[in-house]
Amino acid sequence: MVIFFIFIFINKYLIPPASFFFIKPILAEITFQEILENPADLEINLKYATEQEGLGRYKATLSTLERLNMLYPVNTDIKLYLISILLKMDSAAKLELMVETMLQDPNTTKETRDYIESILKTIRDQSEPQPKWFAYADLSYTQTDHSNIDGLTKSGQLFFESPERDPIMMGGKRYDQIHSKGSSITIGKNLDETSAISFNGGLTLNTQVNDPDFHNDLISGSLSYSKISGNHFFLPYVFYSRSNERLTADLNTKGFGFNNTYILDKTKSICPENNTLYIVSDFQKFSANLDAIHSLDSNESVILIPLLQNSNSNISIDSCYLNSPINRIENTISISTIISNHSEKEIKDVIINLSVNNTHKTQQNISLLANERKTVELNFTSEKSKINNGLISIEDHPITYDNNLYFSFKTDEKIDILQIYESENKNISKVFSSEETFNYTTQNIHQINYNILDKQDLIILNQINDFSTGFSSFIKSYIEKGGSICVIPSENANIVSYNSFLKQLNTNQFSTEVVGNIKISTLNLKNPIFNSVFSTSKIKNNINLPSVSNYYKLQENSKIIKENIFRLENSDEFLNSYRKEKIHLFSSPLSEGNNTFSKHALFVTTLFNMGLNSVKTDDLYYIINQDLEIKLPKTNPQKENIFHLQSEDLDLILENNPNYLLTHNKIKNASHYKLLQEDQILQTISFNYNRSESKIEQFTEEEIDNFITLNKTKNVRLFSSDLSINQNMENINKNKEFWKVLVLLSLLFITIEILLIKTIKT
């Protein structure tokens, strides 16, 4: 799985658990054009999502991640990143659905499930929505000892003015105790997330022990409105208080006030918050790029949290292929599949099941050694249906997405072969006309029916003297559409015409004609023409190879890509192939009078296998989440060229060019899909999940720790699986230097105290 990141701002003194799940991949500048060009590229799309997240464009981030989640449905990291964005967007419904999906997914490891549940619990505990109404009460009690209750001066005199009395002299100081008992209640309502209105009412009772005449109480009330805007906290209010002296008179006070508190910016705060980047990953070796950590800001603290999996085994069905290019109705068909064991232990009794068209065909029981990859051959009898939908399956848990491999193929389609000749070669006709595998026809170069040429799988151009411009252009177009040709030169060949034709095809051209009896001496046994035909030893011991009496020497051209199949004993080329076996070029006419090749067993083998290999067998399956080009099958010319991919829950109209269908990365689920031209089923196309995540090997904590040590990445720490989350956080925070902050605060308080002392003295 791909590495992902949890981005959280952490207070220097305390790490709030509720802030634990903000995910962020490594930043990179990715343009939207790059996304359009690489819609299925996991790395590029994750970087783009991160870029959008950094810009605060959460909707764009969410859109990218939701698409990646559909493309990679078994990727846990993408789901966790998606959860983090949903948390930021406060999208409760989507968040609940995503979390529930992950918790119910059998592929979700216990460690991941525990992390999700613990983190979400913390978030719920600390992120409870504020109640609409709130209320709270305060109770207080104080005792004051007063040694000079009358407030005498040092002279011992107390002066006061009274209309009836003259100034008097008090006899001494008085001692008394004052007991205060208070209570208040506050009732408020949260108007929204940033504002509230509240009412406070209170009563304070003051009792003077030695002088009951001075008992009094205080009744107070206030109404306030609070508002947070940016860095400002606004608090306008009105208040009223009534002091009752009981024996004398009441003192009423009323007024209003306005308070504005400015919250310092984080960068200007005495206790700035620390930027901490959490990287949570299973650190699978095939995808985890530890070197990417070096690209992070060195001022950030980076904490790696490995999600270590249980020692689970995993068996995957990697691929399959048909063992023969031609498969007939009601004949035995052989298919090979590759099974891999991705664990460090032997696994016995793995049952491989094969079903075709929803009918169980066969099964095999195999055992796999640790990390063994084994090819298994499965044989079955094909049904009468031309379209065959196959499924190879195993039972393996907990990773299940690679337990099924869908494939599809056609049976009973003959190979269309046409010989276009100036002078017909009967030996060529004998090779193809007697075989049911081929639908063989011939045409004279001067009487060509162009309407059938595009339908041919292989066109043999036999001993044509020269090529017209129109015919040359047609053959070039035919090859570009996927057709195959075999060129056999004429004894009376127009070299200029031939070379002009061969130049269009980008093959070697003819130079001079060579006359002489020269034997074929070298065979390229690796060429597909000789697949399963000869053993190497038999060929080397065979001294009766054919010979030619004249041929055209081929011009050398280093820019041309070719593969030699036959070479003469003087090292000149007799038969070459070009464009991955789409073009075969003989250097010599194959008439009986010119060589012995047409009477040799190699002639039949070469032509027959050339015909078989001319058919580009359709891929048995494709991988989802890729922008695919699927070769367009033979279509009905009576219908419009509108093609659909259809399943139980999908009906997708495909864009097409003249030769290919384009999926544009819209196939999300592994299954069989019917390809329709209007309402006619042309074939079935199968799709499977990518097997890249089947390899479950992870970096160990020791390997990650060694990487950190060797690269001297001081800002990177590693969570230990042996410790709890709290213990890990204590280890991370224990080295933080709080003394600097404390010194600054001490200096500040000392300065304030000095100013207060000077002010009081003044």
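Please treat every number below as a calculation from the coordinates, not as lab data. Note that the structure is a prediction, hence the values are computed from the model and not measured. All Cβ positions, glycine included, derive from the backbone under ideal geometry; neighbour counts span all protein chains shown.
Under the rule a/c < 1.5 gives rounded, and otherwise a/b versus b/c splits prolate from oblate, where does segment 575-649 land using the Cα gyration tensor?
Values: a/c = 3.47, a/b = 2.66, b/c = 1.30.
Prolate, since a/c reaches 1.5 and a/b exceeds b/c.
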Point to revise | Extent along principal axes [Cα atoms of segment 415-613; Å; largest to smallest] | key: 47, 40, 32
Point to revise | Paramagnetic reach from N148 in segment 174-210 [backbone N under 13 Å; point 7 Å along Cα→Cβ] | key: 174-175
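What are the trypsin sites (Lys or Arg not before Pro) within segment 550-580 that DSSP puts in a loop, where the Cβ has at most 14 other Cβ atoms within 10 Å? If you can, show how the numbers build up before the last one.
Details: sites: K553, K559, K562, R567, R579, K580; in loops: K559, R579, K580.
Taking segment 550-580 and a limit of 14 other Cβ atoms within 10 Å, the loop trypsin sites (Lys or Arg not before Pro) found are K559, K580.
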Review point. Once the Cα gyration tensor of segment 315-408 is found, what semi-axes does its equivalent ellipsoid get, as square roots of 5 times the eigenvalues, in whole Å, sorted largest first?
Key: 26, 13, 11
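Given a Förster distance of 51 Å, report the FRET efficiency between I219 and L369 from their Cβ-Cβ distance, rounded to the nearest 0.05. Don't skip to the answer; put the middle values down first.
Numbers: r = 88 Å, r/R0 = 1.73.
Between I219 and L369 the formula returns 0.05.
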Exercise for review: Report the full-extension gain for the segment S243 to T332: residue separation times 0.36 nm, less the Cα-Cα distance, to one decimal in nm.
Suggested key: 21.4 nm
Exercise for review: Could you list, in their original order, any pairs among K386/K455; K476/K526; K384/K631; K481/K503; K384/K426 whose Cα atoms are separated by more than 29 Å?
Suggested key: K384/K426
Review point. Could you give the nm distance between label points at K414 and F199, where each point is 7 Å from its Cα heading toward the beta carbon?
Key: 9.8 nm
Review point. If Lys and Arg each add +1 and Asp and Glu each add -1, what is the summed charge of the other residues whose beta carbon sits under 15 Å from the beta carbon of Q555?
Key: 0
Review point. So, in nm, how far is label E111 from label W133 when the simple model puts each one 7 Å beyond its Cα toward the Cβ?
Key: 5.0 nm
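Tell me, what is the FRET efficiency for K631 and N403 to the nearest 0.05, using R0 = 30 angstrom and their Cβ-Cβ distance as r? Show your work: numbers first, answer last.
Working: r = 29 Å, r/R0 = 0.95.
Plugging the Cβ-Cβ distance into 1/(1 + (r/R0)^6) gives 0.60.
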Practice item. Measure off 7 Å from each Cα along the Cα-to-Cβ vector at S500 and K559, then give the distance between these two points in nanometres to one decimal. Key: 2.0 nm
Exercise for review: Considering the options N494, I459, T507, tell which one lies farthest towards the positive end of the dipole of segment 415-613, charges being +1 on Lys and Arg and -1 on Asp and Glu at the Cβ, about the Cα centre.
Suggested key: T507
Point to revise | Förster radius 41 Å - calculated FRET efficiency between N353 and N444 (Cβ-Cβ, nearest 0.05) | key: 0.15
Revision key, fill the gap. Residues whose built amide H sits under 5 Å from the amide H of V514, excluding neighbours closer than 5 in sequence, are Y551, Y552, K553
Review point. Trypsin sites (Lys or Arg not before Pro), restricted to segment 411-509: which are DSSP loop and have at most 16 other Cβ atoms within 10 Å?
Key: K414, K455, K481
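Please give the length that would be gained between D619 and H664 if that part of the chain were fully extended, namely 0.36 nm times their separation in residues minus their C-alpha to C-alpha distance (nm, one decimal).
Values: separation 45, 0.36 × 45 = 16.20 nm, distance 1.77 nm.
In short, 14.4 nm is gained.
Per 0.36 nm of contour for each residue apart, how much would the distance between N706 and E640 grow if the chain were fully extended, relative to their Cα-Cα spacing? List each step's numbers first, then the result.
On the way: separation 66, 0.36 × 66 = 23.76 nm, distance 6.31 nm.
Here the answer is 17.4 nm.
Less than 14 Å Cβ to Cβ from G182, Lys/Arg counted +1 and Asp/Glu -1: what total charge do the surrounding residues give? Don't jump to the answer; show the numbers that get you there.
Values: positive: K181; negative: D138, D217.
Result for the local shell: -1.
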Practice item. Could you tally the net charge around L418, taking each other residue with its Cβ under 14 Å from the Cβ of L418, Lys/Arg +1 and Asp/Glu -1? Key: -2
